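What follows is one structure encoded as structure tokens, with my remarks underneath.
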């Protein structure tokens, strides 16, 4: 374990060093990433600006969901998304052997080595939006904050699972750069109050591919809009992450190194 | 006439080769068959909830709104373009020099490539998604005026290409133009009307959008599809907005030619 902590610490240090060397590129990339991540809040703002609303939800309540979603995306993009592109590239080139001969776990190494500092802007942007939304809402008590934190971490776990599933898919579906789109399309369901979706979709987004945990559930906890579904979804979230890890490791074992 | 025939043959051959080349990666495009309907499903639930008991929002009824999103998804498959990426890659690597040796304008070559690529898009993205939207989601995906819609989509096809080509040309000055590309794409995704119809934007922004290229890429053909057009409180007849779109395309094409000529003076063929 200590080995991986050192590895991760070194990767973060390198990422910061690279960002400070290419400062202009880092700033530009961060701004672009923030811009493309505030699209959903912008859409919500325009909908409410037109005098419409999601029934039972105020503008700031919906923005709170979307800010939590943005923060969760930011954290997962920093920590996990790099493994998708890196795996895709290594499988296409047939160069994953270079990683496999290293005296560390392949998945752990790639997660650490692809730490992406650019996405810190998304976390920051999401946090600002979160602060603005919360400023217009009743102050949550300590218990609600604990609930929020617990569910937020579970959401990050779901994102780990999603990213590993994407990376695992790239072993079989070689060089398909649109694989992330496939998963990201489903993620959109986590960005809105779940009540607007049909019962069957709610069941899928809560228990099968628990994307509701990425944005909606943690925000609902802060807003005291909890229901039993949230707590039942804890187990599927853990299972989902486990499936992602297990499938990725299985695909590494199946890897034949022929490229594509 | 001989010259026209020559251009036709060049376009046909380049388009055919591009079509064959991308057919090998057709599953890339086929991902749209899943992604498109999933995105549409999200929009369906969002707007059904937003309308609630309301008849209209900003002059659009729920069915019109759903048709708008269905049409914009389908039109996106026909007009999708990455000429900017191709061009900046050629400039950055110095490979653009090979096009200086060929007896064909690079922009025409790139346009022919796009034609072949989008024929593939028509077959593996547009047609399957059309049937899914029309027969599974029961959204009427037949345009109000087929002729005007085809013309408007064709103009949007050219508009998207010329605008992207201009963005790609910035690589002659910047070498690495990926930042400009990303900023432009982020702006286009908002101001072309793909995220939300432009009538939801503040009035001053709607007025400004008449002078920017974005609405002519997606919003205009999507509204022509549904048979009515309005923006910034200005309603236009279909032929009027298609004419305006045509004028915008011609201006952008001329701009791309001016930029192209200036770009060549900057070209060193050394890559970067």
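The values are calculated or read from the model by the stated rules, or taken from the named source; none is laboratory data. Values in this document were obtained by computation on a predicted structure and should not be read as measured data. No Cβ is skipped: glycine too gets one built from the backbone with ideal geometry, and neighbour counts run over all protein chains shown.
Of the residues B:195, B:174, which is closer than 30 Å to residue B:87 by Cα and out of contact with any helix residue (DSSP H, G or I) (no Cβ under 6 Å at 6 or more places or on another chain)?
On the way: B:195 fails: out of contact with any helix residue (DSSP H, G or I) (no Cβ under 6 Å at 6 or more places or on another chain).
Exactly one of B:195, B:174 is closer than 30 Å to residue B:87 by Cα and out of contact with any helix residue (DSSP H, G or I) (no Cβ under 6 Å at 6 or more places or on another chain), namely B:174.
Tell me, yes or no, whether the range B:1-12 has at least one residue that is away from every other protein chain (no Cβ under 12 Å), surrounded by 16 or more Cβ atoms within 10 Å (Cβ to Cβ), on the phi < 0 side of the Ramachandran plot and at pLDDT 90 or above.
Residues of the range B:1-12 away from every other protein chain (no Cβ under 12 Å): B:1-12.
Adding the requirement that they be surrounded by 16 or more Cβ atoms within 10 Å (Cβ to Cβ) leaves B:10-11.
Keeping just the survivors that are on the phi < 0 side of the Ramachandran plot gives B:10-11.
Filter once more, so that each one left must be at pLDDT 90 or above: B:10-11.
Yes, the range B:1-12 contains a residue that is away from every other protein chain (no Cβ under 12 Å), surrounded by 16 or more Cβ atoms within 10 Å (Cβ to Cβ), on the phi < 0 side of the Ramachandran plot and at pLDDT 90 or above.
Among the residues in the range A:111-124, are any over 29 Å from residue A:14 (Cβ atoms), surrounded by 15 or more Cβ atoms within 10 Å (Cβ to Cβ) and modelled with pLDDT under 95?
Going residue by residue through the range A:111-124, those that are over 29 Å from residue A:14 (Cβ atoms) are none.
No: the range A:111-124 contains no residue that is over 29 Å from residue A:14 (Cβ atoms), surrounded by 15 or more Cβ atoms within 10 Å (Cβ to Cβ) and modelled with pLDDT under 95.
Within the range B:187-198, track down each residue that is assigned to a helix (DSSP H, G or I) and buried (at least 19 other Cβ atoms within 10 Å of the Cβ).
Initial filter on the range B:187-198 (assigned to a helix (DSSP H, G or I)): B:187-191, B:198.
Within the range B:187-198, B:188, B:190, B:191, B:198 qualify.
Between B:182, B:263, B:235, which is in contact (Cβ under 8 Å) with a residue 60 or more places away in the chain and either more than 15 Å from the chain's Cα centre (by Cα) or assigned to a loop (DSSP other than H, G, I, E, B) (or both)?
Details: B:182 fails: in contact (Cβ under 8 Å) with a residue 60 or more places away in the chain; B:235 fails: in contact (Cβ under 8 Å) with a residue 60 or more places away in the chain.
Testing whether each residue is in contact (Cβ under 8 Å) with a residue 60 or more places away in the chain and either more than 15 Å from the chain's Cα centre (by Cα) or assigned to a loop (DSSP other than H, G, I, E, B) (or both) leaves just B:263.
From A:157, A:151, grab the single residue that is under 12 Å from the mean Cα position of the chain (by Cα), under 21 Å from residue A:70 (Cβ atoms), part of a helix (DSSP H, G or I) and in contact (Cβ under 8 Å) with a residue 60 or more places away in the chain. Spell out the reasoning first.
Details: A:151 fails: under 12 Å from the mean Cα position of the chain (by Cα).
Result of the check over A:157, A:151: A:157.
Got a sec? Which of A:56, A:82, A:108, A:74 is on the phi > 0 side of the Ramachandran plot and in contact with a helix residue (DSSP H, G or I) (Cβ under 8 Å, 6 or more places away or on another chain)? Can you show your working first?
Details: A:82 fails: on the phi > 0 side of the Ramachandran plot; A:108 fails: on the phi > 0 side of the Ramachandran plot; A:74 fails: on the phi > 0 side of the Ramachandran plot.
Criteria check complete, one pass: A:56.
Please count how many residues of the range B:22-44 are part of a loop (DSSP other than H, G, I, E, B) and more than 7 Å from chain A (Cβ to nearest Cβ). Let's see the steps before the verdict.
Quick first cut of the range B:22-44, residues part of a loop (DSSP other than H, G, I, E, B) only: B:24-25, B:31.
Right, trim to more than 7 Å from chain A (Cβ to nearest Cβ) and you get B:24-25.
Qualifying residue count, the range B:22-44: 2.
Going by the structure shown, is residue A:229 more than 13 Å from chain B (Cβ to nearest Cβ), assigned to a helix (DSSP H, G or I) and under 23 Å from residue A:141 (Cβ atoms)?
Numbers: more than 13 Å from chain B (Cβ to nearest Cβ): yes; assigned to a helix (DSSP H, G or I): yes; under 23 Å from residue A:141 (Cβ atoms): yes.
Answer is yes for this residue.
Results for (1) touching a helix residue (DSSP H, G or I) at 6+ places or on another chain (Cβ under 7 Å); (2) buried (at least 18 other Cβ atoms within 10 Å of the Cβ), shown as yes or no for each residue.
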| site | (1), (2) |
| --- | --- |
| A:205 | yes, yes |
| A:210 | yes, yes |
| A:242 | no, no |
| A:257 | yes, no |
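For the condition surrounded by 19 or more Cβ atoms within 10 Å (Cβ to Cβ), away from chain B (no Cβ under 13 Å) and under 25 Å from residue A:227 (Cβ atoms), what is the one hit in A:144, A:157?
Working: A:144 fails: surrounded by 19 or more Cβ atoms within 10 Å (Cβ to Cβ).
That would be A:157, the only listed residue that is surrounded by 19 or more Cβ atoms within 10 Å (Cβ to Cβ), away from chain B (no Cβ under 13 Å) and under 25 Å from residue A:227 (Cβ atoms).
Answer yes or no as to whether residue B:29 is out of contact with any strand residue (DSSP E or B) (no Cβ under 7 Å at 6 or more places or on another chain) and modelled with pLDDT of 95 or more. Walk me through how you get there before you give the answer.
Numbers: out of contact with any strand residue (DSSP E or B) (no Cβ under 7 Å at 6 or more places or on another chain): yes; modelled with pLDDT of 95 or more: no.
Judged against the criteria, residue B:29 is not a match.
Every residue in the range A:87-106 that is touching a residue at least 60 places away in the same chain (Cβ under 8 Å) and not in a loop (DSSP other than H, G, I, E, B), please.
The answer is A:87, A:88, A:91, A:92, A:93, A:96, A:97, A:100, A:106.
Can you find even one residue in the range B:168-186 that is crowded, with 22+ Cβ neighbours inside 10 Å and within 30 Å of residue B:142 (Cα to Cα)?
no
Consider residue A:91 against the criteria (1) over 16 Å from the mean Cα position of the chain (by Cα); (2) buried (at least 21 other Cβ atoms within 10 Å of the Cβ); (3) under 30 Å from residue A:232 (Cβ atoms): it satisfies all of them except one. Which criterion is unmet?
For residue A:91, the exception is condition (3).
When the residues of the range A:175-193 are narrowed to those that are part of a loop (DSSP other than H, G, I, E, B) and modelled with pLDDT under 90, which ends up nearest to residue A:52 (Cα to Cα)? Spell out how you get there, then give the answer.
If we filter the range A:175-193 for residues that are part of a loop (DSSP other than H, G, I, E, B), which is where we start, we get A:175-178, A:192-193.
The next check asks that each one be modelled with pLDDT under 90; those that pass are A:175-178.
Working: A:175: 43, A:176: 39, A:177: 37, A:178: 34 Å.
Here the residue is A:178.
I'd like to know if the range B:148-169 contains one or more residues that are touching a helix residue (DSSP H, G or I) at 6+ places or on another chain (Cβ under 8 Å), outside any helix (DSSP H, G or I) and on the phi < 0 side of the Ramachandran plot. Full working, then the answer.
Kept after step one, since they are touching a helix residue (DSSP H, G or I) at 6+ places or on another chain (Cβ under 8 Å), are these residues of the range B:148-169: B:148-149, B:151-153, B:155-169.
Now restrict to residues that are outside any helix (DSSP H, G or I): none.
No.
Looking at the range A:30-50, which of its residues are at the interface with chain B (Cβ under 7 Å from one of its Cβ atoms) and either touching a residue at least 60 places away in the same chain (Cβ under 8 Å) or farther than 24 Å from residue B:199 by Cβ (or both)?
Scanning the range A:30-50 gives a single hit, A:32.
How about the range B:45-113: which helices (runs of 4 or more DSSP H) wholly inside it have at least 3 residues that are within 14 Å of another protein chain (Cβ to nearest Cβ)? Full working, then the answer.
Values: elements: B:62-79, B:83-93, B:97-100.
Filter on the range B:45-113 gives B:62-79.
Which one of these does residue A:19 not meet: (1) modelled with pLDDT under 90; (2) farther than 18 Å from residue A:124 by Cα; (3) more than 14 Å from every other protein chain (Cβ to nearest Cβ)?
Here residue A:19 clears every test but (2).
For the range A:194-206, how many residues are within 24 Å of residue A:41 (Cβ to Cβ) and either part of a helix (DSSP H, G or I) or more than 8 Å from every other protein chain (Cβ to nearest Cβ) (or both)?
7
Among the numbered criteria (1) over 19 Å from residue B:60 (Cα atoms); (2) free of Cβ contacts under 8 Å to residues at least 24 places away in the same chain; (3) not in a helix (DSSP H, G or I), which single criterion is violated by residue B:176?
(2)
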